[in-house]
């Protein structure tokens with residue numbers, strides 16, 4: 001399957017995620033409660049025609065406005081479609097580097113797992129930004145994907161790290177079940193400790209529920225790097241928000257998107273970032 005076709009499929013999935021996030025209600029199941037009714041302009045409520053639904057292209061051709069009422073369409077919509085398309089293209093490429101010795105037919109399962117993982121993280125980020133909560137259904141799905149991935153590792157490649165040669169310095173086991181179980185335990189203990197120490201003001205329960213399946217997916221020590229980069233990006237955003245938007249230290253900031261970004265950084269650039277980080281502090 002060509003990269004162009006993968007991108008188009010991914011962009012279409014991104015369009016679907018936009019709809020799910022926009023229509024999501026905590027009172028309904030994540031997907032089933034969001035799929036009724038046709039897409040419409042949030043301003044004039046007119047039903048969108050088929051040519052107004054083309055991912056990215058319709059936004060560009062319409063000049064970022066609704067064809068009926070000329071209201072501006074949020075840049076979030078094409079941005080999500082673009083990110084989703086890139087996920088479909090670059091996840092398989094990254095896995096071909098991580099698993100260079102595996103037969104081509106073996107790539108299907110990990111590719112499906114990680115594509116769905118990042119699509120779910122994208123959806124989680126959209127919902128967390130909008131509602132300041134992370135759906136339990138999404139966390140359960142991530143946990144199930146983690147189990148499938150560890151089964152794959154146990155049957156084929158063994159323990160695999162996205163941080164390359166840095167991982168053996170901190171690794172405690174070459175058994176995938178142990179390494180990934182420790183990753184989940186790290187997520188539970190680290191985020192649980194933050195919640196306990198701050199009495200829930202420094203971190204939400206949804207972030208803890210997300211950290212556990214993410215820990216199982218990435219395993220130890222990769223989940224430590226995911227968490228670290230999530231906090232670094234979150235802190236950078238906090239400083240910018242206080243300087244540019246008048247936020248203060250006690251302003252609530254959803255942490256799910258930063259964990260998702262930390263996961264993406266480790267998955268795609270883990271070795272380079274870990275090498276740069278440790279080289280800087282150990283130089």
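The values are calculated or read from the model by the stated rules, or taken from the named source; none is laboratory data. Remember, it's a predicted structure, so these values are computed and weren't measured experimentally. Cβ: placed from backbone, ideal geometry, glycine included. Neighbour counts: every protein chain shown.
Brief remarks follow.
- Test: residue in the stretch 188-199 that is surrounded by fewer than 24 Cβ atoms within 10 Å (Cβ to Cβ), within 23 Å of the chain's Cα centre (by Cα) and at positive phi: no
- Residue match in the stretch 129-144 (condition: in contact (Cβ under 8 Å) with a residue 12 or more places away in the chain, out of contact with any strand residue (DSSP E or B) (no Cβ under 7 Å at 6 or more places or on another chain) and closer than 26 Å to residue 60 by Cα): yes
- When residues of the stretch 202-222 are limited to those that are touching a residue at least 12 places away in the same chain (Cβ under 8 Å) and farther than 16 Å from residue 138 by Cβ, the one nearest to the chain's Cα centre (by Cα): 218
- In a residue-by-residue description of the stretch 7-24, the property of being modelled with pLDDT under 75 and farther than 24 Å from residue 131 by Cα applies to no position.
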